[in-house]
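The values are calculated or read from the model by the stated rules, or taken from the named source; none is laboratory data. This one's a predicted model, so the numbers in the text were calculated from it and none came from an experiment. Using ideal geometry, Cβ is built from the backbone for each residue, glycine included, and neighbour counts are taken over all protein chains shown. The area values use the complete protein model at the heavy-atom level, side chains included, leaving out ligands, DNA and RNA. Shrake-Rupley method; radii C 1.70, N 1.55, O 1.52, S 1.80 Å.
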Amino acid sequence: MSMQQLQARALGDPTRHTIFRYLADQRRPVDVAELTDYIGLHHNAIRQHLARLVAAGLVVESTAAPTGRGRPRLVYEVRPSVDSRWGVPGPYEQLSVLLSEIIRTGDTPVDVGRRAGSTLEIVAVGSDPAAAMADRLDRYGFDPVTKRSGNHVDFVLRACPFETTALADPDIVCGLHLGLAHGLADSISRIVVDELVRADPRQSPCVLRCHIEPNAD
């Protein structure tokens, strides 16, 4: 049986397909407890489904960094090579959708990016705004490093998801990225995007500059 047939068979089960789609949508490592809560099955059943997805080369199993006593958690995410297959859009498929929307609507790249960034879930008010923003930037492939100074927060974007296109047309791609950042910030309490400091991604990372507003009394 070919790998493609093995993957098709693994995804033929509705529960495994649901698990796979959830992992693809999260764009981050997910543990069994989270999947158990989402799917509503016993954790042993979730583990069995995950084992089939791992064996089919669709999902990667890894060990999370230890956070205290006990064994480190096992976490799961879609294998990077699965991008652009089985309904998982690769970065340039995502870019093509955004570019198509710019052409279709006539809206600016910033506006289109902002709408795309606002589609993720609203973050709880009590969470750390900078950590929430970093998490969402990471999901979009920016590989951010957070630098804080008081209420000012810089996110050093060590990766550009659309690097090749950014080199050819930085105004459009950077506009999309700035709008995306605004859209992400719109769903996070108290964080505000100030500017995107652009750079040639081959030489140095771009920097997203933000600030955190004080809690309202």
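Sorting check: for 157-166, 178-187, which peptide has the highest mean count of neighbouring beta carbons within 10 Å, and how do the rest follow?
Ranking the peptides 157-166, 178-187 by packing returns 178-187, 157-166.
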How high is the relative contact order of the chain, given as a whole-number percent (alpha carbon pairs under 8 Å, six or more residues apart)?
16 percent
So how much accessible area does His42 have, in Å² to the nearest 10, using a 1.4 Å probe?
110 Å²
Could you work out [θ]222 nm for the chain from helices alone, using -39500 (n - 2.57) per DSSP H run of at least four and dividing by all its residues? Round to the nearest 500 deg cm²/dmol.
-14000 deg cm²/dmol
Can you find, among Gln94, Ile212, Phe20, the residue farthest towards the positive end of the dipole of the chain? Put +1 on the C-beta of Lys and Arg, -1 on that of Asp and Glu.
Phe20
If each of Arg21 and Thr108 carries a label point 7 Å out from its Cα toward its Cβ, how far apart are those two points in nm?
3.6 nm
Among [x] 125; [y] 169; [z] 116, the value of volume of the Cα convex hull per residue in Å³ computed for this structure carries the label [y]
Working out 0.36 nm times the residue gap between Ser100 and Asp200, then minus their Cα-Cα distance, what length gain in nm do you get to one decimal?
33.5 nm
